[in-house]
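Chemist: Input: one structure, supplied below.
The values are calculated or read from the model by the stated rules, or taken from the named source; none is laboratory data. Bear in mind that the values here come from a model prediction, so they are computed numbers and not experimental data. Here the Cβ positions follow ideal geometry from the backbone for every residue, glycine too, while neighbour counts run over all protein chains shown. Note: accessible area is taken over every heavy atom of the protein model, side chains too, but ligands, DNA and RNA are not part of it. Shrake-Rupley method; radii C 1.70, N 1.55, O 1.52, S 1.80 Å.
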Amino acid sequence: MRSPREKPYQRILLKLSGEALAGAAGYGIDDDVLKQLALEIKEIHGMGVQVALVLGGGNIFRGLKGATKGMDRASADYMGMLATVLNCLALQDALEHQGVHTRVQSAIDMQELAEPYIRRRAIRHLEKDRIVIFGAGTGNPYFTTDTTAALRAMEVGCEVVLKATKVDGIYDADPVKNPDAKRFSHVSYIDVLQKGLQVMDSTAISLCMDNQLPIIVFDLHQKGALKRIVQGEGVGTLVN
């Protein structure tokens, strides 16, 4: 049984898929979703939580999908990285409309749009109460934004990775297809890997396991879930 955390988190990394920004349309960026997301992030930031974010780009272009249609995998992945930067800039704009100071750092050099990713600078931004959004994945093809989330979280000293999904945790089967699917309140890294639970890719899980970085999987659309998590409540599924 999972027990609540004794104290609130001080520094978190929130991982959002590109699809999370698309809303009901399933593609592009939904302005209402973007605004609501910015408000929820602003709320936890206002509680004194230092927030870093990694965004996917699947609402615009997914590299792996392009590769399955015959594109060169590396080229397709670079296109996917550029899609993540579009999402980062959109979220930055939404947050700054809420009065939250934000910096976008890109793993691919694009000086007119974003800062280059520099670990010490990112940490300094967090210490100065700025939200940092990491774009362009790791800057390398063949790596997912899940792996980016695990990597950046460890690099800047986050206490936890919060993986936002469409369901309220990890199940032993697809809860949409199987109404009898069982939700886990807690699961180990090794069980995630051995049972093939669809949480994050195996590289990301292995990185977190090797460095004892916990992951919390939760429903992005459950109102107040993000706030409850950072306060230490037992929301979603904990992987550790």
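Chemist: Just read off the accessible area of S17 with the full protein assembly in place, 1.4 Å probe, to the nearest 10 Å².
Modeler: About 40 Å², ignoring ligands and nucleic acids.
Chemist: Defining a contact as two alpha carbons under 8 Å apart and six or more residues distant in sequence, what relative contact order in percent does the chain show? Mind dumping the intermediate values first?
Modeler: On the way: 481 pairs, mean separation 56.4, N = 240.
Here the relative contact order equals 24 percent.
Chemist: Another one. Using the Karplus curve 6.51 cos²θ - 1.76 cosθ + 1.60 with θ = phi - 60°, work out ³J(HN,Hα) for each residue of the stretch 54-62 in order, rounded to whole Hz, and write x for Gly and Pro.
Modeler: 10, 10, x, x, x, 6, 10, 7, 10
Chemist: Taking the Cβ-Cβ separation of Q36 and L193 as r and a Förster radius of 35 Å, what is the calculated FRET efficiency to the nearest 0.05?
Modeler: Working: r = 33 Å, r/R0 = 0.96.
The value I calculate is 0.55.
Chemist: What accessible area per residue, rounded to a whole number of Å², is obtained for the chain using a probe radius of 1.4 Å?
Modeler: On the way: 11690 Å² over 240 residues.
Result: 49 Å² per residue.
Chemist: Oh, and also: Could you please state how large a percent of the accessible area of the stretch 173-232 is carbon and sulfur, counting protein chains only and using a 1.4 Å probe? Each step should come with its number before you reach the end.
Modeler: Details: 1540 of 3320 Å².
It is 47 percent, rounded to a whole number.
Chemist: Right, something else. Listed highest first by mean packing, meaning other Cβ atoms within 10 Å per residue, what order do 215-226, 26-37, 151-162 come in? Working shown, then result.
Modeler: On the way: 215-226: 19.5, 26-37: 15.2, 151-162: 21.9.
Output ranking for 215-226, 26-37, 151-162: 151-162, 215-226, 26-37.
Chemist: Roughly how many percent of the accessible protein surface of the stretch 1-123 is carbon and sulfur, given a 1.4 Å probe and a whole-percent answer? It would help to have the intermediate numbers written out before the result.
Modeler: On the way: 3290 of 6380 Å².
After summing per-atom areas, the C and S share lands at 52 percent.
Chemist: How far apart, in nm, are the 7 Å Cα→Cβ label points at R124 and M47?
Modeler: Each label point is offset 7 Å from its Cα along the Cβ direction, giving 3.0 nm.
Chemist: Further question on the same structure: Can you compute log10 of I(q)/I(0) for the chain with the Debye formula, treating each Cα as one identical point scatterer, at q = 0.11, 0.12, 0.18 Å⁻¹?
Modeler: Summing over Cα pairs of the chain leads to -0.53, -0.63, -1.54.
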